[in-house]
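The values are calculated or read from the model by the stated rules, or taken from the named source; none is laboratory data. For clarity, every value in this text was computed on a predicted model and none was experimentally measured. Cβ sites come from the backbone with ideal geometry, for glycine too, and all protein chains shown count toward neighbours.
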Amino acid sequence: MQKTKNTIAERIADFLKRFPPFEVLKPDQLLEIAGGVKVVYAQKGETIFKQDDTGHSQFYVVHKGAVSIQRKDDEVVATLDKCDEGDIFGLRPLFAHENYMMSAITDEESILYAIPIDTFKPIVKKNYRVGQFLIENFASNTETPYSREHRGKLYSDEEMVQNTAELYELQPVRYVKKIISCSKDEPVSKAAKMMSENSVGSILVIENDIPLGILTDKDIRNNIAIGLFPIDAPVKEIMSSPVICYPKGLTIAQAQVAMMKHKISHICITKDGTPHSKAIGIVSEHDIVVSQGNNPAVLVKAIQRANKTKTLKSIRGRIMHLLNGFIQQDIPMTHVSRIMFELNDATIKRVLERSIKKMPSPPPTRFAWMSLGSQGRKEQLLHTDQDNAIVFEDVPDNIKEETRAYYIQLAKKANKGLNNIGYDYCNADMMARNPKWCLSLSEWKEQFTNWMTQPGDDEILLCSIFFDYDISYGDIELTNQIADHIFELSDNNQLFLTALASSALRNPSPLGFFRQFLVESNGEYKDFFDLKKRAIMPITDAGRLLILQHKIKNINNTAERFEKLAELEPQNKELYLSCSYTAKALSKFRTKQGLLHNDTGRFIELDTLSKEEKIKLKRCFKTVSEVQELIKLRFKVHSFI
Amino acid sequence: MIRFFKRKPSNHPDFWKKYEALFQVKPPEYVGDNRFVILDTEATGFDFKKDRVLCIGAVSLQSNVIDISEVFEIYIEQEKFNPETVKIHGIIKNDKVKTFTEEEALVQFLDYIGNSVLVAHHANFDITMINQMLKRLRLPKLKNRVLDTMTLYRATRINSNLIDRDKNYSLDQVAENLNISVKDRHTAAGDAMITAIAFLKILTKLNKKEKGKLKDLFRVR
């Protein structure tokens, strides 16, 4: 039989069948649904439907991106759920013939599949299991009235969105479904190996799906490590038994109390809540703490344990939450930027570790992953573009390209991983996957020699980007050698310093003749004020130039650079300290704006600023032009200014 | 009124007359009100004269929605067997897909595109190949306005001396940079879908969606 072909509908069917309830449908039913799909593209912050709107003729499945489900009660907006890949939303009202009870807003650029209810309904009627799924899904509303009703999954993953604080303890505990288990006769050494491979603190001892006991870090410490039992003793000798079991639906408060009462750190979730039925999950104290706390130490630990990009992404969400709290509580910027730096750094390290693991072989040489720009200066608070580069150890010429190819492949994975977490690709391809920025040690030295001995405009721009590097992963020896090389080159290199100075002055004062703000005159951000270009970059450039003149290594943070300068040049102490203050104030300002608008905070709509904020900003600008004056005099820059 | 050149009485077939008539209406002013047809062709090679189109895939886009029930995918009968085209023949044979003559394919294609704006990656190739098909039927060239996602994408790159502005970007590179999955590379419909998603993302980057004016898109370079 001949038929017309619809490749795209087939692909959509392939996607849908990975998720409930579509997974139980027959291929022809799936294809019928897929053939009627409308692919909807929505940019970040777009409203798909609004609370109280009448139901659309279709419901939605997230293909790419993420959607927040929000409900507004008495002017308070609460985010009840986040849907990501494969999740369904906006279906229940269509069955109940109601208006939407909540709004759906995209968290990021998203692609959604809209499925017309008219093609879906008949299939539900015909298919018992689909109906059953929907009933279970809708019925779970009764416990937490709104939170789960639009959700497409029966079980949620281990890590989820931040919950509203008041009700937190009464929410059902989230458990890990992927149980790490062994049999009772397994030697302890083998069980311990499984635990460390999976980075977990406990292993369930199972016989015919029934939990017999549990072996934890503590059991191993108290029995094997102190020599009570040999390392190859069978697990049953030292495991804790019986296991404390509960049914699913256990609340967080209950779980905590149970753990305290029994002095244990793990609870097993079984089908009927007794140790005599099938084990379906594990709740650990660690998971509860992690889900509860947005404290930096817990987050770092969570990052280090994360085994999925998705988990890292959800941790990033919580980091933003933490940042918001810091800013609201007026924590000093110095502390905030250090903590955020550490968290970013841990994330990048984890992404690198995971990328290396995915490579077919371990790295052939020593290498270092350098973060450039704001992360290099320890000033990255919000998600901005990723700028990075790789340096690898010198190898003989005949295997150099082969070695580079390895690192480019690694960089492709790492760049993509970072992008998936939320660090956008760099528009200028200033990334390690670009062969231009994946160089051996002597190639980097040569590169800097070229830039610094023939400083044209582009060379200076590249220098200023690459000077502020920070090693995120790998061998510090390599990056130190680059730094030493740079200092050698800049020594008495008047030509270079003058060129760098004039580039530090390339963005003139942000205020116009009448002391009004200068706004962008064209492009996407017409009539916005470009905070980065007009205020943050000039002060950053100034700090870099002045510190380079003093040959100070390993201080990349602009505020810290000026503090050091104040120490080194007592005659300019006052100006430098106000520069340091300005750098921090601008960074805070940008962060606040970014959090407010869920973007990088670079472009500011002046109308949204209060009078006080405008005055504060103008005060910062005054410092910027004062330090620019100093540079002009010191480096004798007069051309074109 | 004096006519210097006497117009030949049109002896074009009805389907062409119908298509031609659609262009008497002016296109809507705003991007969001226009229908776009994003297309891709698979051909036996790159020679406009010798090579033939094997398959045309296209999706239509209106106000940010791509309707899958309106996907266009047509396979064209080949006069002689060409070893280059084994892959497509494989598709046709294995999936028992119906094939059409060039004329039948064009009738359906013109009906599908109407007066929509056409979008393709490296559009010149696809449009020329289709114009060659028309020429073989003694018909004029396509009348639709055409956008090239290559040119549009290049405009989203920042204006910096560090980037070669004249660089050519393949669909794979564009997809990688815009984070689009490339599962269906090298089937016409699959490529058209990837191009369509890229087109939407580029429009967002250029800030030309919805309220942007259509004519501004043709000025991008």
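The table below lists the values:
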item: Meets criteria (assigned to a loop (DSSP other than H, G, I, E, B), at pLDDT below 90 and among the aliphatic types (A, V, I, L, M)) for B:LEU139; result: no
item: Matching residues in region A:345-371 - criterion: being farther than 16 Å from A:GLY474 by Cα and part of a helix (DSSP H, G or I); result: A:LYS358
item: Some residue of region A:536-559 being more than 26 Å from A:ALA483 (Cβ to Cβ) and modelled with pLDDT of 85 or more; result: no
item: Residue tally, condition of a type in the set (A, V, I, L, M), under 19 Å from B:ILE68 (Cβ atoms) and assigned to a strand (DSSP E or B), over region A:98-117; result: 4
item: Count - residues of region A:278-290 that are at pLDDT 85 or above and over 11 Å from A:TYR175 (Cα atoms); result: 2
item: Filtered residues of region A:171-213 (kept if out of contact with any helix residue (DSSP H, G or I) (no Cβ under 9 Å at 6 or more places or on another chain) and of a type in the set (Asp, Glu)); result: A:GLU197, A:GLU207, A:ASP209
item: Residue match in region A:414-422 (condition: surrounded by 19 or more Cβ atoms within 10 Å (Cβ to Cβ), among the small types (Gly, Ala, Ser) and assigned to a helix (DSSP H, G or I)); result: yes
item: Total residues in region B:60-71, condition in contact (Cβ under 8 Å) with a residue 60 or more places away in the chain and more than 7 Å from chain A (Cβ to nearest Cβ); result: 2
item: A:TRP451 within 28 Å of A:THR498 (Cα to Cα) and free of Cβ contacts under 8 Å to residues at least 40 places away in the same chain; result: yes
item: Residue, surrounded by the most Cβ atoms within 10 Å (Cβ to Cβ), within region B:5-42, restricted to residues that are under 23 Å from B:GLU102 (Cβ atoms) and modelled with pLDDT under 85; result: B:SER10
item: Hey, B:ILE2 loosely packed, with under 13 Cβ neighbours inside 10 Å and modelled with pLDDT under 90 or not; result: yes
item: Residues of region A:423-446 satisfying the condition of being buried (at least 20 other Cβ atoms within 10 Å of the Cβ), in a helix (DSSP H, G or I) and away from chain B (no Cβ under 12 Å); result: A:LEU441, A:TRP444, A:LYS445
item: Any hit, region A:372-381, residues being in contact with a Cys (Cβ under 9 Å, 6 or more places away or on another chain), assigned to a helix (DSSP H, G or I) and over 19 Å from A:ILE303 (Cβ atoms); result: yes
item: Residue count for region A:595-615, restricted to those that are assigned to a helix (DSSP H, G or I) and surrounded by 10 or more Cβ atoms within 10 Å (Cβ to Cβ); result: 8
item: Any helices (runs of 4 or more DSSP H) falling wholly within region A:1-97 and containing at least 2 residues that are within 14 Å of chain B (Cβ to nearest Cβ); result: A:7-16, A:27-35
item: Every residue from region A:286-295 that is buried (at least 17 other Cβ atoms within 10 Å of the Cβ) and in a helix (DSSP H, G or I); result: A:HIS286, A:ASP287, A:ILE288, A:VAL290, A:SER291
item: Only one of A:THR582, A:THR600 that is farther than 30 Å from A:ASN480 by Cα, touching a residue at least 24 places away in the same chain (Cβ under 8 Å) and of a type in the set (S, T, N, Q); result: A:THR600
item: Restricting region A:398-413 to residues that are among the aliphatic types (A, V, I, L, M) and within 14 Å of another protein chain (Cβ to nearest Cβ), the residue that is nearest to A:ARG350 (Cα to Cα); result: A:ALA411
item: Region B:27-54, residues that are among the hydrophobic types (A, V, I, L, M, F, W, C) and in a loop (DSSP other than H, G, I, E, B); result: B:PHE46, B:PHE48
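Residue-wise test of (1) at pLDDT below 90; (2) under 20 Å from the mean Cα position of the chain (by Cα); (3) in a strand (DSSP E or B); (4) closer than 23 Å to B:LYS135 by Cα.
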site: B:SER60; (1), (2), (3), (4): no, yes, yes, no
site: B:LYS80; (1), (2), (3), (4): yes, no, no, yes
site: B:LYS93; (1), (2), (3), (4): yes, no, no, no
site: B:ASP111; (1), (2), (3), (4): no, yes, no, yes
site: B:ASN115; (1), (2), (3), (4): no, yes, no, yes
